[in-house]
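**Q** To start, I am sharing the structure in question, which I have written as structure tokens.
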Amino acid sequence: MNKVLVSILSVSLFISLSLTSAQARIIVAKVKGTAAYKTANQWQPLNEGMSLNEGTKISTGVNSSVILNIDNHTLTVNPLTMLKIYENSMTRTSSENRIGLRRGTIRAKVARDKRIKTVFKVSTPVATSSVRGTEEIISYGPTSGMKVYMIEGIAVGQSNNGLASTLQGGLVFQQKTGGMLPQNPLDPVQAAAMARIYDTFLTADEKTLISLFGSDLVNTYGGFLDKLKSLMDTHALVAIYVRWPID
Amino acid sequence: MKMRVLLVIFLLFLVPLQAQNVGSLNYINELGDREAATYGDAVKFFMMIQNRDQGSFQGNLAALNRSGITRGIRSGETSLLDRGTLSLMAARYLDLKDSLFYLITGSGRYAFRACIEEGLMDSEAGEWDVVSGEELIETMAKVAEKKEAVK
């Protein structure tokens, strides 16, 4: 009888511990300066150690910041930021968090665990960023639109019209307010790329053109390299130097 | 008994302190809902990012005049804020020196160009465009970040 009782108690304890460890939670780890949260109609001061619920809005003042521990992830809320935690759910096999960023800047460090399916999305009025086990800085404002800076790992930036870009290695996603398309994240890489054309296989005219404009060219859309390409009848040997990841 | 009275007095002191903190956030969040910011908002914000907000427009303006940020700007507290004026205040606060034309003329027009170069302003807008509440908050966040980076 005692053995049965001990077994039942052990199983109950194990189940309760498992459930506890998989509970969703939002804990205020650090508050610097002025910060507040809102669940109903009134803003209340935000203090360290507080536990917040899904649906809470958070706002920071000038020279102020907040660090939140959301499940196993860390979210740093920079000065003059307002956000809402739309979803915070966690089970033993999945973790789902959705943040709405109305203005300002946040830094998300998302923990990666292969056993847990992790969804960590940050939405702004113009686009959504989906972090896949990584670290990124996300900002939104009416002038700059939404910007996603990759620090580590991979994320996907998707504008509201459905166009998505995969980001890694220092690439930046930017979708401006009212803009039709997000900026091509590879633009800075292309702008810094160098192309060298060797004169093997070139015609006399093409060689003259290169001697006039030089063979080390910055490759921009519609630039000299594109014009030369349209003129060429033959293939040429071209070396393109790309610096990536971006520092 | 004495301890209880002291505790109550201590707590009474804490309540207005917290209310004051949230009060500044209420102002920022209310500003974010406004379609147009005023010169008074810009003056208050420049004092806030320096942790020197004195509460009154005249007090804040006098302090900013002394530091040269609002020197020569003839706007009233409720005047709508344009990008040129905000740029001029930002350029002076950050002591921008990279733009030759701004250094020569010191005008809002070239301060605006200098602020575009610094990534503080949007190149698609004009210097006479009125700044919205959200835009003022966004710009001031960038200004404060840039100032912090210079330190």
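The values are calculated or read from the model by the stated rules, or taken from the named source; none is laboratory data. Model, not experiment: these values are computed from the prediction. Quick reminder, even Gly has a Cβ in these numbers, built from the backbone with ideal geometry, and neighbours come from all protein chains shown. These area figures cover heavy atoms from the full protein model, side chains too; ligands, DNA and RNA do not enter into them. Shrake-Rupley method; radii C 1.70, N 1.55, O 1.52, S 1.80 Å.
**Q** Over the stretch B:2-150, how many pairs of lysines fall under 29 Å by alpha carbon, counting only those 8 or more apart in sequence or from different chains? It would help to have the intermediate numbers written out before the result.
**A** Numbers: B:K44/B:K97; B:K44/B:K142; B:K44/B:K146; B:K44/B:K147; B:K97/B:K142; B:K97/B:K146; B:K97/B:K147.
Final tally of qualifying lysine pairs is 7.
**Q** For A:S51 and A:D205, what does the FRET efficiency come to when R0 = 51 Å and r is the distance between their Cβ atoms, rounded to the nearest 0.05? Write down the numbers at each step before the final one.
**A** Details: r = 74 Å, r/R0 = 1.45.
Given R0 = 51 Å and the Cβ-Cβ separation, E is 0.10.
**Q** Taking amide hydrogens as modeled 1.01 Å from N in the peptide plane, which residues meet the under 5 Å criterion relative to A:L46, leaving out close sequence neighbours?
**A** A:A35, A:A36, A:Y37
**Q** Return the distance in nm (one decimal) between the two label points of a simple spin-label model at B:N26 and A:M194, each offset 7 Å from Cα along Cα→Cβ.
**A** 6.1
**Q** Among B:L96, B:N51, B:I137, flag the residue with its Cα farthest along the positive direction of the charge dipole of chain B, charges on Cβ as +1 for Lys/Arg and -1 for Asp/Glu.
**A** So the residue we want is B:N51.
**Q** Using a simple spin-label model with points 7 Å from Cα along the Cα→Cβ vector, what separation in nm is obtained for A:T91 and A:N184?
**A** Placing both labels 7 Å along Cα→Cβ, they lie 4.3 nm apart.
**Q** Another question about this same structure. Averaged over its residues, how many other protein chain Cβ atoms are within 10 Å of peptide A:28-39's Cβ atoms?
**A** Details: counts 0, 0, 0, 0, 0, 3, 9, 3, 8, 1, 3, 0.
Per residue, the average neighbour count from other chains is 2.
**Q** If one computes the Cα centroid of the stretch A:173-200 and of the stretch A:58-120, what distance in Å separates the two points?
**A** So the two Cα centres are separated by 30 Å.
**Q** Given a 1.4 Å probe, how much area per residue of the stretch A:65-171 is accessible, in Å²?
**A** Values: 4320 Å² over 107 residues.
Counting only protein heavy atoms, the per-residue value for the stretch A:65-171 is 40 Å².
**Q** Now a separate question. Which residues of the stretch A:132-150 show a drop of at least 40 Å² in accessible area when all protein chains are present, compared with their chain alone (probe radius 1.4 Å, heavy atoms only, ligands and nucleic acids excluded)?
**A** Residues of the stretch A:132-150 that lose at least 40 Å² of accessible area once the other chains are added: A:P142, A:T143.
**Q** Quote the charge dipole size of the stretch B:2-150 about the Cα centre in Debye, to the nearest 20; the model charges only the Cβ of Lys and Arg (+1) and of Asp and Glu (-1).
**A** Numbers: 16 positive and 20 negative charges, 193 e Å.
Rounded to the nearest 20 debye, it is 920 debye.
**Q** Once you sort the root eigenvalues of the Cα gyration tensor of the stretch B:109-150 as a ≥ b ≥ c, which label holds: rounded (a/c under 1.5), prolate (a/b larger than b/c) or oblate (the other case)? Present the calculation step by step, with values, prior to reporting the outcome.
**A** Working: a/c = 2.55, a/b = 1.29, b/c = 1.98.
Because a/c hits 1.5 or more and a/b fails to exceed b/c, the stretch B:109-150 counts as oblate.
**Q** Separate question: Return the sequence-ordered ³J(HN,Hα) values of the stretch A:179-188 in whole Hz as given by the Karplus equation 6.51 cos²θ - 1.76 cosθ + 1.60 applied to θ = phi - 60°, using x for Gly and Pro.
**A** Karplus values, whole Hz, x for Gly and Pro: x, 6, 10, x, 5, 5, x, 8, 3, x.
**Q** Right, here's the next one. Can you tell me the FRET efficiency between A:A164 and B:A62 if r is taken as the Cβ-Cβ distance and R0 is 56 Å, rounded to the nearest 0.05?
**A** Values: r = 52 Å, r/R0 = 0.93.
Taking R0 as 56 Å, the efficiency between A:A164 and B:A62 is 0.60.
**Q** Using a 1.4 Å probe on protein heavy atoms only, how many Å² of accessible area do A and B hide from each other, summed over both chains and rounded to 100? Walk me through the numbers on the way to the answer.
**A** On the way: alone 14560 and 9450 Å², together 22170 Å².
Buried area between the two chains comes out at roughly 1800 Å².
**Q** Label points 7 Å out from Cα along the Cβ direction at B:D33 and A:I151: separation in nm?
**A** Placing both labels 7 Å along Cα→Cβ, they lie 3.3 nm apart.
**Q** Okay, moving on. For a Förster distance of 45 Å, can you work out the FRET efficiency between the beta-carbons of B:V130 and B:N51, rounded to the nearest 0.05? Could you put the intermediate results ahead of the total?
**A** Values: r = 28 Å, r/R0 = 0.61.
Working from the Cβ atoms, E equals 0.95.
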